[in-house]
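The values are calculated or read from the model by the stated rules, or taken from the named source; none is laboratory data. Source: prediction; values computed, not measured. With ideal geometry, Cβ positions are generated from the backbone for all residues, glycine too; neighbour counts draw on all protein chains shown. SASA here: full protein model, heavy atoms, side chains in, ligands and nucleic acids out. Shrake-Rupley method; radii C 1.70, N 1.55, O 1.52, S 1.80 Å.
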Amino acid sequence: MRILALDPGTVRLGVAVSLGDPPVATTRPGLAAQPFGEAIASLMALVREEGIARVVVGRPLRLDGTSGVAERRALRWVRALREAGVEVVSWDERLTTVEATRSLQAQGVRARQQRDKVDSVAACLLLQSYLRSLEVG
C-alpha cells in the first residue's frame with residue numbers, strides 16, 4: 001500500500017511518499033499551500049499519479065499535547081481530503097520540523113536552501129514514524 005505524508009504549513013506543504021516493501025519514506029517536492037483549492041487539486045493529482053491509498057496528515061500539537069491554531073489548520077486538510085474520498089490518518093508531528101532543520105544543517109545545506117526542503121524532510125520523518133508504528137502493530 002502506498003502512503004503519502006503531508007506536513008501542512010501556511011506557505012508550503014511538505015510531501016513524502018512510501019516506496020518499496022518493506023516501505024521506506026522518500027521526500028517529494030513540496031507544494032504551495034495557497035490558494036487552498038488549488039493546493040487540494042495539486043495534492044489530489046499527486047495522490048492519483050502515485051497510486052496513494054492513504055494520506056497521513058501531520059498533527060501539529062503543542063509540546064504539552066494540546067491543540068492550537070496550527071492543528072485547526074491541519075484539520076482543514078484532513079476534512080478536505082476525506083471529502084475527496086481519500087483515506088486519511090492524523091499523526092503527531094511534534095518536533096519534525098526541528099529535526100528536519102537539524103538534519104539539513106548537518107548535511108551542510110545552507111539556510112536559504114533549507115526553506116524549500118525542510119517541509120518535505122519533516123513529512124518524511126512523519127511518514128517514517130507512521131510506518132514504524134505499522135511494523136509494531
Subject >> Unique residue being out of contact with any helix residue (DSSP H, G or I) (no Cβ under 7 Å at 6 or more places or on another chain), at negative phi, in contact (Cβ under 8 Å) with a residue 12 or more places away in the chain and part of a helix (DSSP H, G or I) when the list is Ser133, Ser103, Ser129 >> reply: Ser129
**OP:** Return the pairs, sorted by first residue and then second, in which the second residue is in a helix (DSSP H, G or I) and open to solvent by less than 70 Å² (accessible area, probe 1.4 Å), the first residue lies in the range 22-49 and is closer than 13 Å to Trp77 by Cβ, the beta carbons are less than 7 Å apart, and the residues are 6+ apart or on different chains.
**Re:** Leu31/Ala39; Leu31/Ser42; Leu31/Leu43; Ala33/Ala39; Ile40/Ala80
Subject >> Every residue from the range 106-119 that is open to solvent by less than 70 Å² (accessible area, probe 1.4 Å), at pLDDT below 75 and assigned to a helix (DSSP H, G or I) >> reply: Gln114
Original post:
Counting only residues that are surrounded by 15 or more Cβ atoms within 10 Å (Cβ to Cβ) and in contact with an Asp or Glu (Cβ under 7 Å, 6 or more places away or on another chain), which one in the range 20-54 is modelled with the highest pLDDT?
Top reply: Arg54
Subject >> Any chance Ser103 is within 16 Å of Ile3 (Cα to Cα) and either loosely packed, with under 12 Cβ neighbours inside 10 Å or of a type in the set (S, T, N, Q) (or both) >> reply: no
Subject >> Options Leu61, Leu81: the member that is under 12 Å from Leu6 (Cα atoms) and either in contact with a Lys or Arg (Cβ under 7 Å, 6 or more places away or on another chain) or outside any loop (DSSP other than H, G, I, E, B) (or both) >> reply: Leu81
Original post:
Looking at (1) open to solvent by less than 60 Å² (accessible area, probe 1.4 Å); (2) at pLDDT below 95; (3) of a type outside the set (Phe, Trp, Tyr), can you tell me which one Asp92 breaks?
Top reply: (1)
**OP:** Quick one: in the range 1-10, of everything that is out of contact with any Gly (no Cβ under 9 Å at 6 or more places or on another chain) and open to solvent by 50 Å² or more (accessible area, probe 1.4 Å), which residue is nearest to Arg48 (Cα to Cα)?
**Re:** Met1
Subject >> Single condition Val11 does not satisfy, out of (1) under 18 Å from Val118 (Cβ atoms); (2) touching a helix residue (DSSP H, G or I) at 6+ places or on another chain (Cβ under 7 Å); (3) among the hydrophobic types (A, V, I, L, M, F, W, C) >> reply: (2)
